[in-house]
Structures are given as structure tokens and as C-alpha cells.
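The values are calculated or read from the model by the stated rules, or taken from the named source; none is laboratory data. Since the structure is predicted, the reported quantities are computational estimates derived from the model, not experimental observations. All Cβ positions, glycine included, derive from the backbone under ideal geometry; neighbour counts span all protein chains shown. Only protein heavy atoms, including side chains, enter the accessible area calculation; ligands, DNA and RNA are left aside. Shrake-Rupley method; radii C 1.70, N 1.55, O 1.52, S 1.80 Å.
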Amino acid sequence: YERDVNGNPAEKNWTGSVSRNCSLKHGGGIYNAAGSIFKMCRGAISYNNAEGSAKNGGAIYFEEPGTDGDFEILGGSVIKNHAEKGGSIYVTDSFKIKGSAYIAKGAGTDADPYNDVYLPTGKSVIVSGTLSPAENSDGKIIAAITPQNYKRGTIIISGLTGSIPYTL
């Protein structure tokens, strides 16, 4: 990862596309190392696969974003990726979402893999601003979240003020 002149993580706003890649461990499309800053502003991450020994994060594997780094999805789409855990995104800490971000949930079949966000125990998805999903989203679903452990009353979404007309 890059650092600025003061030694702090350099901020990168990502707007491209990553498609049809495969990793034998983590991050079929993108592996973001600890301490990095990653902001997805638009673009698409699709048809990526994490397979092999770990199989985590079909589209994105984000390692320890809370250690100096930051992970935020402001827009764009994450569609039809596959992994054993975190078909779309596997994070080891909380992450932020807002804007036109869209993580298609998928049907859980080979043709339409379950494209979920894997969330560790005690971490949350932080809604850091207004959500306004893109036209191609399936109704009002922004993302499917799979918590590591879930018990009634567990907070997996934070940062909300009032209600939102979308499902996470």
C-alpha cells in the first residue's frame, strides 16, 4: 500500500472494474492489506472467485481496516462473485457504506452465487450517509449481510439516524 509524505496511508478512490479473476486464498478480485484506505466510488466488481485453502472474499478481502486504514463503498456494484465466506466482501472489521452502493444478494446457485458480506462478531456495517441504490438494484435491497455469529439483539448495522427505505 502507498503512504503519503507524512507516512500516513494514501487515500485512493477507486472507479474502475475488476472482473473474472480467481485467487487461491483471499480476495478473488481485490485483496486490500492492513492499513490501506480503499474507497469504491463507482465501477463494478463482478464474476470473481476466492477458492483454495481459505476461500474468503470473492470480490474483496479487506484486512484489518481499523488499524490505520479505511474501507468505504460510496457507489458502484458488486455482483456475482463467489467465496466460501463473504461471496462479495469479507472484512475483518467494520466498514462504511453510503450513496449508490449496491451489493447484489444472489440466489445461492452456481449460476447466481450468494454474493454476501461476511461480518465478524462484534463488527458492523456503518451507514455513513444517505443510501440511494442504483437503478439496477433488485428492489430496495442494498446488501445481504452474513454475521459470523448472530443472536437476537446483535447490532450489525450502525450509524443510522431515522429509518431508511432499503434493506441491508
- Most to least accessible of Glu84, Glu72, Glu51 (protein chains only, probe 1.4 Å): Glu84, Glu51, Glu72
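Quick check: with the 1.4 Å probe, what order do Cys22, Cys41 take by accessible area, largest first? Before the final figure, lay out the partial values.
Working: Cys22 80, Cys41 40 Å².
Sorted by accessible area, descending: Cys22, Cys41.
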- Could you list which residues have their amide H under 5 Å from that of Gly43, counting only those 5 or more apart in sequence or on another chain, with H placed in the peptide plane? Gly76, Ser77
- The answer for Ile30, listing residues at least 5 apart or on another chain whose modeled amide H is closer than 5 Å to its amide H, is Ile60, Tyr61
- Query: Points 7 angstrom from Cα along the Cβ direction at Ile141 and Glu51: gap in nanometres?
  - Reply: 2.4 nm
- Item | Label zone at Ser158, where the point sits 7 Å out along the Cα-to-Cβ direction: region 72-103 residues whose backbone N lies under 20 Å | 72-74, 90-99
- Task: Taking amide H positions as placed in the peptide plane 1.01 Å from N, state which residues far from Leu119 in sequence (5 or more) or on other chains have amide H under 5 Å from it.
- Result: Thr146, Gln148
